[in-house]
1. Please work out which residue is surrounded by the most Cβ atoms within 10 Å (Cβ to Cβ), limiting yourself to segment 358-393 and to residues that are at pLDDT 95 or above and charged (D, E, K, R).
2. Please identify the pairs in which a residue from segment 123-135 that is β-branched (Val, Ile, Thr) has its Cβ atom under 6 Å from the Cβ atom of a residue that is in a helix (DSSP H, G or I), counting only partners at least 6 apart or on another chain.
3. Just to be sure I understand, how many residues within segment 106-129 are more than 16 Å from the ligand (Cβ to nearest atom), surrounded by 24 or more Cβ atoms within 10 Å (Cβ to Cβ) and within 21 Å of the chain's Cα centre (by Cα)?
4. Do any strands (runs of 3 or more DSSP E) entirely within segment 28-111 hold 2 or more residues that are under 28 Å from Leu286 (Cβ atoms), and if so, which?
5. Restricting the first residue to segment 293-313 and requiring it to be under 14 Å from Glu281 (Cα atoms), which pairs with a second residue that is of a type in the set (Gly, Ala, Ser) and assigned to a helix (DSSP H, G or I) meet a Cβ separation below 8 Å and a spacing of at least six or different chains?
6. So which residues in segment 353-393 are among the hydroxyl-bearing types (Ser, Thr, Tyr) and within 26 Å of Asp179 (Cα to Cα)?
7. Within segment 130-153, which residues are outside any helix (DSSP H, G or I) and either open to solvent by less than 30 Å² (accessible area, probe 1.4 Å) or β-branched (Val, Ile, Thr) (or both)?
8. Based on what the data block shows, is Asn90 open to solvent by 20 Å² or more (accessible area, probe 1.4 Å) and within 24 Å of Gly346 (Cβ to Cβ)?
Amino acid sequence: MSTLFDDRTEELIQEYRQRFEESPLFISRGPGRVNLIGEHTDYNDGFVLPVALKRDVRIVLRPRSDRQVRVYSVEFGESGSFDLDAVRFNPDRLWLNYIQGMAQSLEEEGIRLVGIDAVVSGNVPRGSGLSSSAALEIASAHAFLIAAGQNGVLSGPRIAQLAQRAENQFVGVNCGIMDQFISELGRANHALLIDCRSLEYRLVSMPEEAALVIGNTRASRSLASSAYNERRAECEQGVKLLQTALPDIRALRDVTSEQLEAHRALLPQNIYQRCRHVVSENERVLQCVDAFECNDLDEVGRLMDASHKSLRDDYLVSSVALDAMVAAMRGAEGCYGARLTGAGFGGCAVALVKPGHEQAVADAIFEHYPKATNIWPEVYMTKAADGASAEAI
Ligand code: GLA
């Protein structure tokens, strides 16, 4: 019996039976994520500290004897299909492209897949900075692997890399590795320190006294993708300019705050500020791990606050809505610290909160955030959950 056996899975199975007139044999799951600290560091070879969420994408499925893939998406109320031998971008079914891209990425790795009949459903809010895309990619990876009898042949970090490749090359979004990595490798009650250069990782136990509250600004993220690519280019420019004095650096990961200050004159002001964010954020991630390990949650909160300020003032990826959300959270009793999470420009903020004070933080959000923005937010209270899984039903 699946450990994922709850009402949501039961509904998914019913849906499958109605669509395909038989029962699914397997279920796979990929969770969303919230990043505690380490923003815009992954594509600079740096450090991140995310947690996997209970909110996830689930796929129930049956292998087929041919190479056809037929999928029904509950949230979109749409069916889509493709042939594993003729995978091409589908402009009419954007959600299907994550599944197609994942299939292609696995086959390029030498894994021979079989077709599947599948129903997919998720409760990670879409377009909110909680990585619904990575959740779908990772759930798809495990759906294909278990259907092909290939569960366990790839390491977790490798699956994350293949999912990132699907998103970069097939879907066409130039993201880093963080979202896919934590969706694959997260663990209940733990955050994951990921070294995005070596892909080494370490579980960081979340103290009992730490709860998370996520505030969804529900503000449009229309600038997000163009600005994301612009920031990546600015970081690369920073590295090139700094290399004239520091020839051994390969990425901003290799630069210390002292080096950055010493060579500040090499950089235009805007590039200097982008670099200052990344360099200081990497340092904050490692300090934050130490603080968690010493159970010093006031220090974790201070680092989260500093991260938000740096994203707002140096990296310029906050927004009026995100600043209002963070201010509402910080004004509540029991909040250690709060910051925007994910790429920015809208989406969500995360607060570290004393257990028992989650509702007070939620109340403060509902009281203050709509006044500042005219937008009604959503609030999720959450704990760190397990990463991806796949099993027989
Ligand atoms: C998005 C990307 C990640 C990461 C964050 C910013 O979520 O998908 O790879 O770059 O933005 O930290």
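The values are calculated or read from the model by the stated rules, or taken from the named source; none is laboratory data. Fair warning: this is a prediction, and the values are worked out from it, not measured in the lab. In this analysis, Cβ positions are derived from the backbone assuming ideal geometry, glycine residues included, and neighbour counts consider all displayed protein chains. Please note that ligands, DNA and RNA were not included when accessible areas were found on the heavy atoms of the full protein model with its side chains. Shrake-Rupley method; radii C 1.70, N 1.55, O 1.52, S 1.80 Å.
1. Out of the qualifying residues, it is Glu358.
2. If the second residue must be in a helix (DSSP H, G or I), the pairs left are Val124/Ser132; Val124/Ala135.
3. Residues that pass the stated criteria total 3.
4. Strands (runs of 3 or more DSSP E) meeting the threshold: 47-63.
5. Val300/Ala291; Leu303/Ala291; Ala306/Ser280; Ser310/Ser280
6. Tyr380, Thr382, Ser389
7. Matches in segment 130-153: Leu130, Ser131, Ala148, Val153.
8. no
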